[in-house]
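The values are calculated or read from the model by the stated rules, or taken from the named source; none is laboratory data. In this text, all values refer to a predicted model and were calculated from it rather than measured experimentally. Positions of Cβ are generated from backbone atoms using ideal geometry, with glycine treated the same way; all protein chains shown enter the neighbour counts. When the accessible area is computed, the model is the full protein with side chains, heavy atoms only, and any ligands, DNA or RNA have been set aside. Shrake-Rupley method; radii C 1.70, N 1.55, O 1.52, S 1.80 Å.
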Amino acid sequence: MNRILTILVCLTATCYIHAQGGKNEKMDRFIDQLISKMTLEEKIGQLNLPSAGDITTGQATSSNIADKIRKGQVGGLFNIKGVTKIRDVQRIAVEESRLKIPLLFGMDVIHGYETAFPIPLGLAATWNMEAIEQSARIAAIEASADGICWTFSPMVDISQDARWGRVSEGNGEDPFLGGEIAKAMVRGYQGDNSYTSNNHIMACVKHYALYGAGFAGRDYNTVDMSRIRMFNEYMYPYKAAIEAGVGSVMASFNEVDGVPATANKWLMTDILRKQWKFDGFVVTDYTGISEMVPHGIGDLPTVSARALKAGIDMDMVSEGFLTTLAQSLKENKVNVEEIDQACRRILEAKYKLGLFDNPYKFCDPDRPAKEIYTRESREIARKIAAESFVLLKNQQEVLPLKKSGKIAVIGPLANTRSNMPGTWSVAVDLNKPMTLVEGIREVAGKDVRVLYAKGSNLTADPELEKRATMFGRELGRDNRTDKELLNEALKVARQSDVIVAALGESSEMSGESSSRTDLNIPDVQKELLAELAKTGKPVVLVVFTGRPLTLTWEEKHIPAILNVWFGGTEAAPAIADEATNATAAYNMNVKMGSLANALSLNIDQAEAVADVHKNFTADMMNAATAAKDERAAMIDKAVIKDLKYMHSILNDSQYRKYVMLLNATLMNRGLK
């Protein structure tokens, strides 16, 4: 028995060392020697992360940033796309600076690179860790092929308020699910954390900590909560990423206990370093240091010193470290050991990535054409997108759509390419995704005539629409009157056999600085939907959204509702796949995936329920493919078997709630 315990302890220790890197004496000697050669200015330079502003090809050597790189005043760059440009900039660092220290190149690779997957909230709706890991794996392959070695992902902030715009970037409100997704994403990006290949990149878990818990769902707002709630409901996903060996952490903008996270030593050192044993580096969010000045805790030198002493290693954009730390050192506001420690952590990241051995490791000019936006990756993205969709309702067997007759596709989101990928898809060519109209035409086939009308603008307010379609996501506002747009849509609707209403949010109505107080489908769209319902034609509401929306009226009046989030570059064909898929309504995993949370299950119950529910889903899918006269009996048999097993697992209260959930699901799908 003692021998078994000893083996288990050793295995546990080995796993932990593997995840967090462990002691690397060769790396330590290399970095000790390098730091001993560095001037104070060069050490502080490693802590500086400016934005490249996407340097124009051929202009790298003459830019202001190039001068700073030559002087050793830059540790890394972000917002630069293209392997040729990145190679040019890296050449300056390793050939024209005194110590030839390579740069890190980062980017917001959030849910894919040029092949975009569903927004993170949509990925979470799959409850499929293998698919989520695969999405990060493909993102890492594509980003690394284009010169990127560091991504500002995964974003694991728990949020319980759908008004917050960045709920679209997170994994919902369940900390356990969020933790599992954090680990899957880190594995996808980093592999086994050895970085031996040139197609794994360093991940950066964000935004540490509690960014999703701001008052009233307002972005950047104050957070104030008890430690019990903090650790039970919000902190675990960050810890899970640390356990998975994530290489870096990004500090959040918000205050915690009245102190901005970027200057919060309790968060950055006591919890992250001492309690969780994190051994990577911490970077601020964009201008996170300079934004502490408006918080009222000091001028730029003061907040920069506080950030360093709290445990921040890299300053994104503010240049507070670059411009003030040397003077703060003279004034004894910081000490050289703190600067050396931060510098060491940046150098360690570069060493682990293999950049000292080969600064051009991620700069192979032959890779992009072979590895970015490939047919294979797009096929996987299409499958994962379809798995992310949530069928909320399907009465009267409106779905699946028949592959014959006339389908009217109506709505301001029916004919847009740029909104399909979703927010934070910064590397995507927005001209490449199909529109929903094109996707349905391709999948439905030659026997279907697809008609289209815009029906309405995104919203009645042109200024709001302008702000909601930033970053190249314009919908092309139609200057006709609301009445003229509606009449055209009704004319098209009356010619059709079924109406697909493509409504909801534009992609930039969620994301950073995109909080909303009204969670309904926007005004003119809702009026359009009401008029379409009056035609008497069956209506399928396809909801595009980056957050949970209020669909009370829609649930009462529209027979079929499919929530598609923003499904990535392959969203349109994936939507068409599911809308014409005869088995979609029978897939109980789509609606019932959150049973553990809904029924307050303990761990043993959750495992047992998952097994039973997996079998139930398989039985329902078998019913979907059976002869029509056999389906009812097969569904009854599957339900009876499922209820029998569930009754043996759940207590009376849980069982009653489960029966209600199952009944509502079957009824909404038209299966009861």
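At a glance:
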{"item": "Residue match in the range 170-190 (condition: in a loop (DSSP other than H, G, I, E, B), under 22 Å from A349 (Cβ atoms), open to solvent by 10 Å² or more (accessible area, probe 1.4 Å) and of a type outside the set (S, T, N, Q))", "result": "no"}
{"item": "Scan of the range 495-516 for residues that are among the hydroxyl-bearing types (S, T, Y) and more than 15 Å from the chain's Cα centre (by Cα), ordered by number", "result": "S496, S506, S513, S514, S515"}
{"item": "2 or more residues open to solvent by 10 Å² or more (accessible area, probe 1.4 Å): qualifying strands (runs of 3 or more DSSP E) within the range 496-567", "result": "560-565"}
{"item": "Condition check for P359: at pLDDT 95 or above, farther than 25 Å from A579 by Cβ and over 28 Å from the mean Cα position of the chain (by Cα)", "result": "yes"}
{"item": "Enumeration of residues in the range 314-364 that are open to solvent by 40 Å² or more (accessible area, probe 1.4 Å), in a loop (DSSP other than H, G, I, E, B) and without any contact (Cβ under 8 Å) to a residue 60 or more places away in the chain", "result": "E331, N332, K333, N335, D357, N358"}
{"item": "Matching residues, the range 431-479, being within 20 Å of A579 (Cα to Cα), out of contact with any Ser or Thr (no Cβ under 7 Å at 6 or more places or on another chain) and open to solvent by 60 Å² or more (accessible area, probe 1.4 Å)", "result": "E438, R441, E442, K446, R449, Y452"}
{"item": "Close pairs from the range 275-291: first touching a residue at least 12 places away in the same chain (Cβ under 8 Å), partner hydrophobic (A, V, I, L, M, F, W, C) and surrounded by fewer than 18 Cβ atoms within 10 Å (Cβ to Cβ), Cβ under 7 Å, at least 6 apart", "result": "S290/L300"}
{"item": "Every pair of residues 6+ apart whose Cβ atoms lie under 7 Å, when the first sits in the range 81-104 and is more than 17 Å from I148 (Cβ to Cβ) while the second is open to solvent by 40 Å² or more (accessible area, probe 1.4 Å) and part of a helix (DSSP H, G or I)", "result": "I92/T61; I92/R70; E96/R70; S97/R70; L99/K37"}
{"item": "Selection count, the range 154-168, where residues are touching a His at 6+ places or on another chain (Cβ under 8 Å) and in a loop (DSSP other than H, G, I, E, B)", "result": "1"}
{"item": "Residue selected from the range 409-430 under the condition hydrophobic (A, V, I, L, M, F, W, C), touching a residue at least 60 places away in the same chain (Cβ under 8 Å) and in a loop (DSSP other than H, G, I, E, B), by the criterion most open to solvent (accessible area, probe 1.4 Å)", "result": "V426"}
{"item": "Condition broken by K491, with the remaining ones in (1) without any contact (Cβ under 8 Å) to a residue 60 or more places away in the chain; (2) in a loop (DSSP other than H, G, I, E, B) satisfied", "result": "(2)"}
{"item": "Scope the range 85-105; condition open to solvent by 10 Å² or more (accessible area, probe 1.4 Å), β-branched (V, I, T) and not in a loop (DSSP other than H, G, I, E, B); matching residues", "result": "V94"}
{"item": "All positions within the range 621-649 that are closer than 19 Å to L399 by Cα, of a type in the set (A, V, I, L, M) and assigned to a helix (DSSP H, G or I)", "result": "M621, A623, A624, A632, I635"}
{"item": "Residue, nearest to N171 (Cα to Cα), within the range 224-245, restricted to residues that are open to solvent by less than 50 Å² (accessible area, probe 1.4 Å) and outside any loop (DSSP other than H, G, I, E, B)", "result": "P237"}
{"item": "Residue list for the range 531-550, restricted to those being touching a helix residue (DSSP H, G or I) at 6+ places or on another chain (Cβ under 6 Å) and of a type in the set (V, I, T)", "result": "T535, V539"}
{"item": "Residue in the range 481-493 that is farther than 27 Å from P538 by Cβ and out of contact with any Lys or Arg (no Cβ under 9 Å at 6 or more places or on another chain) present", "result": "yes"}
{"item": "Test result for I380, open to solvent by less than 60 Å² (accessible area, probe 1.4 Å), out of contact with any strand residue (DSSP E or B) (no Cβ under 9 Å at 6 or more places or on another chain) and not polar (S, T, N, Q)", "result": "yes"}
{"item": "Failed item in (1) surrounded by 22 or more Cβ atoms within 10 Å (Cβ to Cβ); (2) in a loop (DSSP other than H, G, I, E, B), with N221 passing the rest", "result": "(1)"}
{"item": "Count of residues meeting criterion [touching a strand residue (DSSP E or B) at 6+ places or on another chain (Cβ under 6 Å) and either surrounded by 18 or more Cβ atoms within 10 Å (Cβ to Cβ) or modelled with pLDDT of 95 or more (or both)] in the range 289-310", "result": "2"}
{"item": "Extreme residue, farthest from the chain's Cα centre (by Cα), among residues of the range 163-199 that are among the hydrophobic types (A, V, I, L, M, F, W, C) and at pLDDT 95 or above", "result": "W164"}
{"item": "Hey, N199 open to solvent by 30 Å² or more (accessible area, probe 1.4 Å), part of a loop (DSSP other than H, G, I, E, B) and of a type outside the set (A, V, I, L, M) or not", "result": "yes"}
{"item": "Residue check for V109: within 22 Å of the chain's Cα centre (by Cα) and outside any helix (DSSP H, G or I)", "result": "yes"}
{"item": "In the range 123-143, the residues that are more than 16 Å from A240 (Cβ to Cβ), open to solvent by 20 Å² or more (accessible area, probe 1.4 Å) and assigned to a helix (DSSP H, G or I)", "result": "E130, Q134, R137, I141"}
{"item": "Complete set of residues in the range 518-530 that are over 17 Å from Q495 (Cβ atoms) and in contact with a helix residue (DSSP H, G or I) (Cβ under 8 Å, 6 or more places away or on another chain)", "result": "N520, I521, V524, K526, E527, L529, A530"}
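Every residue, every condition in (1) assigned to a helix (DSSP H, G or I); (2) touching an Asp or Glu at 6+ places or on another chain (Cβ under 7 Å); (3) more than 29 Å from H200 (Cα to Cα), yes or no:
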| site | (1), (2), (3) |
| --- | --- |
| T269 | yes, no, no |
| D279 | no, no, no |
| D285 | no, no, no |
| G288 | no, no, no |
| V293 | yes, yes, yes |
| I312 | no, no, no |
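Each row is one residue, and each column tells you yes or no for (1) of a type in the set (V, I, T); (2) without any contact (Cβ under 8 Å) to a residue 40 or more places away in the chain.
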residue: I201; (1), (2): yes, no
residue: D224; (1), (2): no, yes
residue: Y234; (1), (2): no, no
residue: E243; (1), (2): no, no
residue: S248; (1), (2): no, no
residue: N254; (1), (2): no, no
